[in-house]
Amino acid sequence: MDRQGNPEFVFLAGDPALDLVNTVMVIGGAPADLLDGPGALAAWVGASGLAARFGTPVEISPAVYAQVIGLRTAVKAVVGAVAAGDPVPNAELDVLNDALVAAPGTRLRRASGGALTRETVIDLSRDTRWLPWLLADAAAALLTGDAAGRIRRCANHDTCVLMFVDTSRSRSRRWCSMELCGNRSKVAAHAARSRDRVAQT
(Lines give C-alpha, C1' and ligand atoms only; values in the text may rest on other atoms or scores of the structure.)
Protein backbone atom coordinates (compact mmCIF):
# COMPACT_ATOMS: atom_id res chain seq x y z
CA MET A 1 0.00 0.00 0.00
CA ASP A 2 1.14 3.55 -0.67
CA ARG A 3 0.83 6.42 1.82
CA GLN A 4 -2.76 7.13 0.76
CA GLY A 5 -3.73 3.48 1.41
CA ASN A 6 -4.05 2.63 -2.30
CA PRO A 7 -2.73 -0.75 -3.42
CA GLU A 8 0.53 -0.58 -5.35
CA PHE A 9 1.20 -2.70 -8.39
CA VAL A 10 3.54 -5.64 -7.90
CA PHE A 11 5.95 -6.81 -10.58
CA LEU A 12 7.47 -9.90 -9.02
CA ALA A 13 6.36 -12.62 -11.44
CA GLY A 14 9.29 -12.40 -13.84
CA ASP A 15 6.93 -12.18 -16.83
CA PRO A 16 4.52 -9.47 -18.06
CA ALA A 17 1.66 -11.92 -18.64
CA LEU A 18 1.88 -13.15 -15.04
CA ASP A 19 2.28 -9.58 -13.79
CA LEU A 20 -1.07 -8.89 -15.51
CA VAL A 21 -2.64 -11.91 -13.79
CA ASN A 22 -1.26 -10.65 -10.47
CA THR A 23 -3.27 -7.43 -10.71
CA VAL A 24 -5.99 -9.38 -8.88
CA MET A 25 -4.64 -10.08 -5.43
CA VAL A 26 -5.76 -10.54 -1.84
CA ILE A 27 -5.54 -7.38 0.27
CA GLY A 28 -6.78 -7.42 3.84
CA GLY A 29 -8.23 -10.88 3.36
CA ALA A 30 -10.41 -9.94 0.37
CA PRO A 31 -9.84 -10.12 -3.40
CA ALA A 32 -8.86 -6.75 -4.86
CA ASP A 33 -8.71 -5.78 -8.54
CA LEU A 34 -5.91 -3.26 -9.02
CA LEU A 35 -7.14 -2.57 -12.58
CA ASP A 36 -10.51 -1.12 -11.66
CA GLY A 37 -10.78 1.09 -14.73
CA PRO A 38 -9.01 2.30 -17.88
CA GLY A 39 -6.99 4.85 -15.90
CA ALA A 40 -5.64 2.16 -13.58
CA LEU A 41 -4.69 0.02 -16.60
CA ALA A 42 -2.82 2.96 -18.14
CA ALA A 43 -1.01 3.47 -14.81
CA TRP A 44 -0.13 -0.23 -14.67
CA VAL A 45 1.37 -0.14 -18.17
CA GLY A 46 3.27 3.00 -17.19
CA ALA A 47 4.69 1.28 -14.12
CA SER A 48 5.53 -1.96 -15.93
CA GLY A 49 8.50 -2.78 -18.12
CA LEU A 50 6.18 -2.58 -21.14
CA ALA A 51 6.14 1.21 -20.99
CA ALA A 52 9.90 1.51 -21.48
CA ARG A 53 9.76 -0.56 -24.67
CA PHE A 54 6.40 0.38 -26.17
CA GLY A 55 5.46 3.79 -24.76
CA THR A 56 3.18 4.86 -21.93
CA PRO A 57 -0.50 5.06 -22.86
CA VAL A 58 -1.99 8.50 -22.31
CA GLU A 59 -5.51 7.14 -22.34
CA ILE A 60 -7.03 3.68 -22.71
CA SER A 61 -10.50 3.33 -24.20
CA PRO A 62 -13.21 1.36 -22.40
CA ALA A 63 -13.15 -1.17 -25.28
CA VAL A 64 -9.41 -1.85 -24.92
CA TYR A 65 -9.80 -1.99 -21.15
CA ALA A 66 -12.57 -4.60 -21.46
CA GLN A 67 -10.41 -6.65 -23.86
CA VAL A 68 -7.47 -6.63 -21.44
CA ILE A 69 -9.63 -7.63 -18.47
CA GLY A 70 -11.12 -10.52 -20.47
CA LEU A 71 -7.63 -11.50 -21.57
CA ARG A 72 -6.40 -11.41 -17.97
CA THR A 73 -9.13 -13.87 -16.96
CA ALA A 74 -8.19 -16.19 -19.83
CA VAL A 75 -4.45 -16.00 -19.15
CA LYS A 76 -5.04 -16.77 -15.47
CA ALA A 77 -7.05 -19.88 -16.38
CA VAL A 78 -4.46 -21.07 -18.91
CA VAL A 79 -1.35 -20.51 -16.79
CA GLY A 80 -3.17 -21.91 -13.76
CA ALA A 81 -3.88 -25.09 -15.71
CA VAL A 82 -0.27 -25.31 -16.88
CA ALA A 83 1.06 -24.76 -13.33
CA ALA A 84 -1.25 -27.48 -12.00
CA GLY A 85 -0.43 -29.89 -14.82
CA ASP A 86 -4.04 -29.84 -16.04
CA PRO A 87 -5.25 -29.60 -19.65
CA VAL A 88 -5.48 -26.04 -20.99
CA PRO A 89 -9.17 -25.04 -21.26
CA ASN A 90 -10.30 -24.51 -24.87
CA ALA A 91 -12.50 -21.46 -24.27
CA GLU A 92 -9.68 -19.50 -22.61
CA LEU A 93 -7.21 -20.61 -25.26
CA ASP A 94 -9.64 -19.22 -27.86
CA VAL A 95 -9.61 -15.84 -26.07
CA LEU A 96 -5.80 -15.73 -26.31
CA ASN A 97 -5.85 -16.74 -29.97
CA ASP A 98 -8.50 -14.13 -30.80
CA ALA A 99 -6.16 -11.45 -29.45
CA LEU A 100 -3.14 -12.93 -31.23
CA VAL A 101 -4.65 -12.95 -34.72
CA ALA A 102 -4.77 -9.16 -34.62
CA ALA A 103 -0.97 -9.05 -34.79
CA PRO A 104 0.74 -5.73 -35.50
CA GLY A 105 3.73 -5.54 -37.78
CA THR A 106 7.38 -6.20 -37.13
CA ARG A 107 10.57 -4.62 -38.39
CA LEU A 108 14.28 -5.37 -38.51
CA ARG A 109 16.64 -3.07 -36.69
CA ARG A 110 20.42 -2.97 -36.48
CA ALA A 111 21.73 -3.65 -33.01
CA SER A 112 25.16 -2.61 -31.81
CA GLY A 113 27.81 -4.44 -33.81
CA GLY A 114 25.61 -4.50 -36.89
CA ALA A 115 23.60 -7.61 -36.04
CA LEU A 116 19.94 -7.54 -37.02
CA THR A 117 17.19 -7.89 -34.45
CA ARG A 118 13.48 -8.38 -34.97
CA GLU A 119 11.14 -6.14 -33.03
CA THR A 120 7.43 -5.56 -32.78
CA VAL A 121 6.25 -2.19 -34.06
CA ILE A 122 4.03 -0.79 -31.32
CA ASP A 123 3.80 2.66 -29.77
CA LEU A 124 1.25 2.59 -26.97
CA SER A 125 1.64 6.31 -26.42
CA ARG A 126 -0.01 6.86 -29.83
CA ASP A 127 -2.31 3.85 -30.16
CA THR A 128 -3.41 1.50 -27.38
CA ARG A 129 -5.38 -0.85 -29.64
CA TRP A 130 -2.39 -3.21 -29.64
CA LEU A 131 -2.19 -3.59 -25.86
CA PRO A 132 -4.34 -6.77 -25.78
CA TRP A 133 -2.19 -8.27 -28.55
CA LEU A 134 1.01 -7.34 -26.72
CA LEU A 135 -0.16 -9.01 -23.51
CA ALA A 136 -1.50 -12.08 -25.35
CA ASP A 137 1.82 -12.38 -27.17
CA ALA A 138 3.66 -12.26 -23.84
CA ALA A 139 1.41 -15.06 -22.57
CA ALA A 140 2.00 -17.09 -25.75
CA ALA A 141 5.76 -16.69 -25.39
CA LEU A 142 5.56 -17.78 -21.75
CA LEU A 143 3.37 -20.81 -22.48
CA THR A 144 5.50 -22.07 -25.36
CA GLY A 145 8.94 -21.30 -23.94
CA ASP A 146 11.25 -22.92 -21.43
CA ALA A 147 9.63 -21.00 -18.56
CA ALA A 148 6.25 -22.77 -18.97
CA GLY A 149 7.41 -25.62 -16.74
CA ARG A 150 8.47 -23.14 -14.06
CA ILE A 151 5.13 -21.34 -13.62
CA ARG A 152 4.20 -21.49 -9.94
CA ARG A 153 1.49 -20.26 -7.63
CA CYS A 154 2.53 -18.82 -4.27
CA ALA A 155 2.60 -21.54 -1.60
CA ASN A 156 0.56 -19.29 0.70
CA HIS A 157 -2.67 -20.75 -0.73
CA ASP A 158 -4.83 -19.44 2.13
CA THR A 159 -4.34 -15.74 1.48
CA CYS A 160 -2.35 -15.28 -1.74
CA VAL A 161 -3.28 -15.84 -5.39
CA LEU A 162 -0.12 -14.45 -7.00
CA MET A 163 1.83 -16.41 -9.62
CA PHE A 164 5.44 -16.27 -10.76
CA VAL A 165 8.12 -17.92 -12.88
CA ASP A 166 10.54 -19.84 -10.65
CA THR A 167 13.98 -18.69 -11.79
CA SER A 168 15.82 -19.95 -8.71
CA ARG A 169 18.77 -22.26 -9.37
CA SER A 170 17.27 -25.09 -7.37
CA ARG A 171 13.77 -24.54 -8.84
CA SER A 172 12.48 -24.44 -5.26
CA ARG A 173 11.00 -20.94 -4.95
CA ARG A 174 7.76 -21.21 -2.96
CA TRP A 175 6.65 -17.64 -2.30
CA CYS A 176 5.50 -14.79 -4.52
CA SER A 177 8.13 -12.83 -2.57
CA MET A 178 9.82 -13.13 0.80
CA GLU A 179 8.56 -9.65 1.73
CA LEU A 180 4.90 -10.43 1.02
CA CYS A 181 4.39 -14.08 1.97
CA GLY A 182 7.69 -15.74 2.84
CA ASN A 183 8.27 -13.70 6.00
CA ARG A 184 4.61 -14.03 7.01
CA SER A 185 4.93 -17.81 6.79
CA LYS A 186 8.13 -17.81 8.84
CA VAL A 187 6.54 -15.61 11.53
CA ALA A 188 3.43 -17.83 11.64
CA ALA A 189 5.56 -20.99 11.90
CA HIS A 190 7.64 -19.44 14.70
CA ALA A 191 4.49 -18.42 16.59
CA ALA A 192 3.07 -21.95 16.22
CA ARG A 193 6.29 -23.49 17.56
CA SER A 194 6.24 -21.05 20.51
CA ARG A 195 2.64 -21.97 21.31
CA ASP A 196 3.52 -25.68 21.15
CA ARG A 197 6.44 -25.18 23.55
CA VAL A 198 4.24 -23.28 25.99
CA ALA A 199 1.52 -25.95 25.76
CA GLN A 200 4.05 -28.69 26.54
CA THR A 201 5.33 -26.99 29.71
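The values are calculated or read from the model by the stated rules, or taken from the named source; none is laboratory data. These numbers were taken from a predicted model, which means no experiment stands behind them. Cβ sites come from the backbone with ideal geometry, for glycine too, and all protein chains shown count toward neighbours. Please note that ligands, DNA and RNA were not included when accessible areas were found on the heavy atoms of the full protein model with its side chains. Shrake-Rupley method; radii C 1.70, N 1.55, O 1.52, S 1.80 Å.
Can you tell which of L162, L142 is closer than 28 Å to T106 by Cα, at pLDDT 90 or above and touching a strand residue (DSSP E or B) at 6+ places or on another chain (Cβ under 8 Å)?
L142
Of the set (1) under 19 Å from L142 (Cα atoms); (2) open to solvent by 70 Å² or more (accessible area, probe 1.4 Å); (3) small (G, A, S), all apply to A99 but (2).
Selection over the stretch 69-79 of residues that are open to solvent by 30 Å² or more (accessible area, probe 1.4 Å) and not polar (S, T, N, Q) gives a count of 4. Filter the stretch 13-63 down to residues that are in a loop (DSSP other than H, G, I, E, B) and touching a strand residue (DSSP E or B) at 6+ places or on another chain (Cβ under 6 Å) and give me whichever is least open to solvent (accessible area, probe 1.4 Å). Among residues in the stretch 13-63 that are in a loop (DSSP other than H, G, I, E, B) and touching a strand residue (DSSP E or B) at 6+ places or on another chain (Cβ under 6 Å), the one least open to solvent (accessible area, probe 1.4 Å) is A13.
Conditions (1) open to solvent by 30 Å² or more (accessible area, probe 1.4 Å); (2) at pLDDT below 90; (3) in a strand (DSSP E or B), marked per residue:
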| site | (1), (2), (3) |
| --- | --- |
| E119 | yes, yes, yes |
| L131 | no, no, no |
| L134 | no, no, no |
| S168 | yes, no, no |
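Given the condition assigned to a loop (DSSP other than H, G, I, E, B), without any contact (Cβ under 8 Å) to a residue 40 or more places away in the chain and not basic (K, R), answer yes or no: does some residue in the stretch 178-185 qualify?
no
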